[in-house]
């Protein structure tokens, strides 16, 4: 039996559909986690996210997800995608200051760049600290769609440059991973990333 | 940063159709087949626009959207008849990554843009502008260029950015489907008036047209329909040619 990968389903806007398809394409077995009781049935977690930092945290709280999530994230390999990575931070500044899950010592701030925001489209990642998740993916292109970025100094695994502005595109702390881009929307490179996650 | 090469599927369920001047529909094929074909050719993104939903005052057909989403590991933007937060939510759950709104926001209630941006994040909210030239300015139209709104395109573009839209799909009623080049003046004015990404559609008739647009306007993306639909050009060949001309596109 291969590991079961749980995708946390919270809020009105989860892009669960695409992530589920991509993980399955990568050979993973998926369980969509609609309630806290399901958390015990999975071996790994994916934290998706579409929406704003504030709404995401409110939805997690409404569903009673926060402390069970914090609990399982002590041991389960976890991948945060886009906003799912951002809410791992201590604080977010989208629609006011909001407390995040606080797993990563980071803050989430608006991108200040001399170009169109949201940063939208395919861009490459520069892996500065290799790990299992990003194995074989240095300089690959992934799809980004975001207006905020994670500000962190200690757990960066990849950086990306947009209009001469460098920002954190992937983080890694032990068994916790986060990517700012959308691997589920990034063709073969994205599937390869999920293969790496399935194989962890 | 790469310029996005986007395929636009204009849908009159159950077919992808090709409107000329937003009228005179021709059947092209089945949406999921075409989406798969363009994905394999290397398209960066697909825009799925149900061009009759608003006119018939019905919702986008969700099963159709899901069929298309199932084929793609690239972003899918879906529009047509979107008028509520529930419509946004349903489309995201069926596999849309962005939702495109036009008629309701222009004619009825622009606050839908604010609400959607706050709920789903501005990156997920696209506003479709159908522009028609009147002398030296442009006016917003809706319902596939049928209904005039009285709103000035550049003013509206600025307003929707303020309201939280994350992207503009800029179409021209005058040049759409004619394959005789883009309305470069229009594209330039809109791109220079806002700080959000603009995807320019309507008019690609040759690789040359696309190069000219990218070089003169630097839009975030180019949306192409006819040129691909009639197999006069593949996405692969277009990207190759753009690269040879020093224009960055994704691998």
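Every number here is computed from the coordinates shown, using simple stated rules; none is lab data. These numbers were taken from a predicted model, which means no experiment stands behind them. Heads up, the Cβs are rebuilt from the backbone with ideal geometry, glycines too, and the neighbour counts pull from every protein chain shown.
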(request) Sort out for me the Cα centre separation of the stretch B:27-87 from the stretch B:182-237, rounded to whole Å. (result) 20
(request) Can you check how the C-alpha radius of gyration of the stretch A:4-198 compares to 2.2 N^0.38 Å, as a plain ratio? (result) 0.93
(message) Residue by residue through A:49-60, how many Cβ atoms from other chains fall within 10 Å of the Cβ on average?
(response) 3
(message) Of all beta bridges DSSP finds with both residues in the stretch B:4-244, what is the antiparallel percent, to the nearest 5?
(response) 30
(request) For a footprinting-style exposure proxy, rank A:162, A:153, A:95 by other Cβ within 10 Å, fewest first. (result) A:153, A:95, A:162
(message) List residues of the stretch B:81-106, by number, whose backbone nitrogen lies under 15 Å from a label position 7 Å along Cα→C-beta of residue B:57.
(response) B:81-83, B:104
(request) Report the full-extension gain for the segment residue B:33 to residue B:134: residue separation times 0.36 nm, less the Cα-Cα distance, to one decimal in nm. (result) 32.5 nm
(message) Can you compute the helix-only [θ] at 222 nm over the protein assembly as shown? Use -39500 (n - 2.57) per DSSP H run of at least 4 residues, normalise by all residues, nearest 500 deg cm²/dmol.
(response) -8000 deg cm²/dmol
(message) Can you give me the C-alpha center-to-center distance between the stretch A:1-68 and the stretch A:121-200, rounded to a whole angstrom?
(response) 19
(request) Provide Rg over Rh for the stretch B:4-244; use the alpha carbon set for both Rg and the Kirkwood Rh (inverse mean inverse pair distance). (result) 0.92
(request) Evaluate the relative contact order of chain A (contact order divided by residue number), counting alpha-carbon pairs under 8 angstrom at least 6 apart; express in whole percent. (result) 21
(request) Subtracting the Cα-Cα distance from 0.36 nm times the residue separation, let me have the gained length for residue B:66 to residue B:245 in nm, one decimal. (result) 60.8 nm
(request) May I ask for the distance between the Cα centers of the stretch B:1-19 and the stretch B:141-160, given as a whole number of Å? (result) 21
(request) Using label points projected 7 Å from each Cα along Cα→Cβ, tell me how many nm separate residue B:208 and residue B:178, to one decimal. (result) 1.7
(request) Could you tell me what percent of the DSSP beta bridges with both partners in chain A are antiparallel, to the nearest 5? (result) 60
(request) Quote the Stokes-Einstein diffusion coefficient, in whole µm² s⁻¹, for the protein assembly as shown, based on the Kirkwood radius over alpha carbon pairs, a temperature of 25 °C and a viscosity of 0.890 mPa s. (result) 112
(request) Before anything else, pin down the relative contact order of the stretch B:1-89: Cα pairs under 8 Å, at least 6 apart, normalised by residue count, whole percent. (result) 30
(request) Pairs of Cα atoms under 8 Å, at least six residues apart: use those to get the relative contact order of chain B, whole percent. (result) 20
